[in-house]
Every structure is written in C-alpha cells, then in structure tokens.
1. How large is the translational diffusion coefficient of the range A:50-121 in µm² per second when you combine the Kirkwood radius over alpha carbon pairs with Stokes-Einstein at 4 °C and 1.567 mPa s?
2. How much of A:THR129 can a 1.4 Å solvent probe reach, expressed as accessible area in Å² and rounded to 10?
3. For the range A:148-271, what relative contact order do you get, as a whole percent, if you take Cα pairs closer than 8 Å and at least 6 residues apart?
4. Apply 1/(1 + (r/R0)^6) to the Cβ-Cβ distance of B:GLU183 and B:ILE117, taking R0 = 25 Å, and write down the FRET efficiency to the nearest 0.05.
5. Do you know the Lys pair count in the protein assembly as shown for C-alpha distances under 14 Å, with sequence separation 8 or more or different chains?
6. Can you give me the relative contact order of chain A as a percent, contacts being Cα pairs under 8 Å and 6 or more apart?
7. What 222 nm value per residue comes from the helices of chain A, counting each DSSP H run with n ≥ 4 as -39,500 (n - 2.57) and dividing by all residues, nearest 500 deg cm²/dmol?
8. Counting only protein heavy atoms, probe 1.4 Å: which residues of the range B:104-143 lose 50 Å² or more of accessible surface in the full assembly compared with their chain by itself?
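The values are calculated or read from the model by the stated rules, or taken from the named source; none is laboratory data. Bear in mind that the values here come from a model prediction, so they are computed numbers and not experimental data. So basically every Cβ, Gly included, is an ideal-geometry build from the backbone, and we count neighbours across all protein chains shown. Areas reflect the complete protein model, heavy atoms only, side chains present, ligands, DNA and RNA absent. Shrake-Rupley method; radii C 1.70, N 1.55, O 1.52, S 1.80 Å.
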Amino acid sequence: MIVIGVFTVIPMLMTIWISLNKWSMFTSITDMTFVGLDNYTRLLGDASRMQAITNTGIYVGLSVLITIPLALLIALLLYFPKLKGKGVVRTLLFATYVIPTIAIVIIWGNIYSPGYGPLSALVSAIGLTPPGWLSDPQWALVSLVIFNVWQMLGYYVILLIAGLTQINEELYEAARIDGAGRIRQTWSITIPLLRPSLIFVVLMTFVNSIQVFDPIYLLTQGGPANSTNVVGFEIQRSAFQYGMAGESSALAVSLFLMIVAVGGVLGIIMKGRKR
Amino acid sequence: MSASASTLRRRLAKPVQYVLLALVALIPLFPLYWLLISAMKTPAEFSQIPPTWFPSTPTLEPTVTALTAVPFLQSMMNSVIIAGGATISVLVTSILAGYVFAKHQFPGRDALFWGIIATMFLPPIVTIVPLYYLVSSMGLSDTYLGVLLPWLANAFGIFLMRQFIQDIPDELIEAARMDGAGEFRIVWQFVVPLLKPAIVTLAVFMFVYAWNNFLWPLSILKSEALYPVVLTLNRLMSYTMSFEYQNVVLAGAVIASLPTLLVFLVTQRVFVAGIAASGVKG
C-alpha cells in the first residue's frame, strides 16, 4: 500500500505540479520555475500536440468500434454452440495477450511491409492495389488500430464469455417456449443482461488504447507526417527526448482528465444499470 | 416449405459454425505462423517478392545469429530476475493487503480500497516523468531495483486477492485464531492453500506484465548489461535496417516470446478461469 502510495499517488500529484512549471529534465529540479497555466495554453497553440490528441481520439474510437462487436460475436460463437475445439480456439486467442508487444510489432511490421509482406500479397491477389500501410499517412493509424485489436481481442473475449456464463439458462428456455429465435434472444436477453460486462470491456478497451505507446515508439515514431503521433508517445518524447517536462506533464494531466471523464461516465452508466 | 427451409437451416448450422470457428482460429494463428516460418527462411528467400507461404529450405541460422549478435541469454537472465522479483513481491503484498481488506474492519477501509482500485485505471505513462525523477533521485536509476520498485505492489493483485479471500468463510479464520495462531500464520497456513487458483492467476499475470513491459525499463535503464529481453530485442531491431536480415529480428521475437507463451500454455486452464473471475467479480 505504501508502495502504491509512493509510486502512484505522489507521482500523480507531482505530474500536476510539474505541469504548472517550466523545467528541463536535463537540469536539476531546483531550476524549476512556476509558470501557472502557461504549459496548457502552449499546448492549445501547438499544432503537433493537438494533432496527437485528435489522433488518440481516432485511435481509441476505432479500437472500441472494432473490438467490441468483434469480441462479442466471437464470445457468442465460443459460448453457445456445442463445438469441438472451441476451448483450443479460446486459448489461442488469448495467447496474443501474453506475447511482448515488441514481438508483435516485429510480426506485424513484417506482415504490413509493402511487397515483402503477406498482406500486400493478399490484397494484390484479389486485384486491388495495396496501400503503403504504415508508411502511408492515411493508413498508418488504421494499421496500428488493427494491430491493437489483434493483440487485445482474446482478453476481451474471455471477459465477455465470463459475463455470458452469468446469464441464467432458464431465461433462454423461457424465450424459446415463447417462440423467440436465436437473433431475438440475443437482442432481448443476452445483450441487455451482458451490459455490465460490455461496459467493463468498453472501459478496459478505452483505458488500454488511450495510453498506447510501445507500437508507436517502435513502428512509426509518430510518423509519417505526424499521422500516428499520439498522446502517450508525445508525453514520453517531450520529456525524455526534448527534456520538456512541463509540457509533457500538461499533456499527461490532460490524458488523465480524459480518462477520469470517460471512466466516470461509464461508471455512472454501469452503476445506474445495476439498480 | 417453411418447415423444410428451417430443417435445412438447422442442418447447415453446424458446418457454418465450424467454418466460423476456423476463421476465428486463423486470427491469432496466421500471424504466429507467419512469424515462425519467416524466422526459418534464408535471407534470399525472405526478401523474395511476392513472399513464399512456406519456407523451401527451413533453417535455424537466423536464430543462431540472433543469439550471438546481441547478448540474448544475459537479457533472458535479466528478465527472469526482474519479472521473477516483481511476481514474488506482488504475490506477498497482494495476499497480505487483500487479507486485510477482506477480513479486517477499520475506519475508511472501503474508501481506501476503492482508492487503490482507481489507480488501476491510471496509465503508467501519466506518471512516467515524476516516477523517473523519484527513482533516479534515490540513486536507483540504471539498477534492477530501480526497475522493480514501482512493481512491488499492484492494485489488480490486491483487488483479485481481496475478492478471493472474501469467499473464504470467516469461521475458518476464527477457528484458527482460537487455536492461538498469529495473523501471519493464519494467512500462511490457512488462507494461502485455499488461494491456489488466484495465486497462479496473479503470478502469471504479473510475470507476463513485467516481462513484456517496455516503457519503464526503456526510461530508467541505460546499461545494456541490465537490459531485459524486450530492450535487447529493440536493440537487435535497430541494428538491422537491411530487409533481408529481418529474419534474424523475427527469430529474436520468437525467442523473446517463448518464456511468457510457455508459462501461459502450462497454466492456461487456471489462468483463463482466474482472469474471467476477475471480470465477473468486478
């Protein structure tokens, strides 16, 4: 508990304090000077950092929009029908979660590589011109979203299956007697009753994708043309490469506030539905 | 007409479901298959356009090159020390804290507990700058201990342990206390044996987390001799810009992933159930 206090709460307070100061990471902390909200107004005027915020929004939004329906469909497939081998598939899906991100970066960097990679070969095979994936400003961020979905999908599927096991079998029995078909049952029983799990998974997807750093640092360094610069990457780069701790912390506080806002809203929805 | 259509649909349902299942299985399998075969291709075959879908002459040479080009084995040891240390420490702190939260009354207990849970949603990137400053001002930057320090306790672990310990009947603990067992003995002799699934889950979770974490060691470590595997792999990645030697990098990715994959596969039944339980109980 002390460890959590010292290494979570104090740093958070320090982040807020540093964000109100001007401090180069390469000098002593005693050289810090108070500048009030200067870092925040500078942030608003900095096109590159503002774009990082927009990119993060797109990245998070797309991650949630792709992950949730996909994870739900897979969870339904792996829970309801009696199929041989579905346990194995579940384990395989989850396996991507335990592989180091850098290894996944290497795999997908190769899959995406124009010409040499299988993805471009597949796209060409069906007669289309493959995009440049990570080197194309229009595709780079989307490519990173696909990467994120692939890595995390299994984890969310497991959480949703766990939620499905909590739904009383008898409800389906009753619905079947009333003549409700599969799709009808899914809409009026499964999804409403799965809501707590669904909201939890949305929250986890949100929190996990808003802090994305590793794949950006390793694959694109924010490029091409700033198209994959995200807040997490910009925080680390501003501080550890440029030494601008104040600006970096202002961005970190902004990220924190976004999480509190969205987390709060989701939390209220979750609590409200439980009652 | 409609009856025969519905029997037809029912007869088709199973095969369709199996096709879907196979497609879902391909999602994780294809990239992993691609990793394995690419790591076994010769440089010449590897840089072919379009790519081949099966290595014509599988070779372990990229693996050998990866192992010798960078100090992989040394890094493996570093990762074992860091991930192992974090795992043991998190187990001890989580069981003790979880026990206190589950079985002891004190003022402000629930507020404190939910406060700790809230930190679960605080991304490390938000506090990276002060954390770096704190650890280096203790003189611990560029040491194993410096990497380990923020990982000694963990909100998810405390949460998981509290949920599992709550399910242990109070009578059992009362009985042990009657027999004159001290608190530490109660935890060690009576609580821990009942927590096996939770312990396995948390151990695997923490080991994987610490093994795979990239941001924190990247920020706090300078000397390559202390690099965990993920940083060494990054080094290997930046050495080889030329495409035909990317097979060496891919071989490195296989090596770096094996330990966590093995730990996961050995424990997957218990681990997956534990992760699922953590979601339901939350």
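1. 86
2. 130
3. Once divided by the residue count of the range A:148-271, the mean separation gives 20 percent.
4. For B:GLU183 and B:ILE117, the calculated efficiency is 0.60.
5. 4
6. 32
7. That calculation yields -20500 deg cm²/dmol at 222 nm.
8. Residues losing area: B:PHE121, B:LEU122, B:PRO123, B:ILE125, B:VAL126, B:VAL129, B:PRO130, B:TYR133, B:LEU134.
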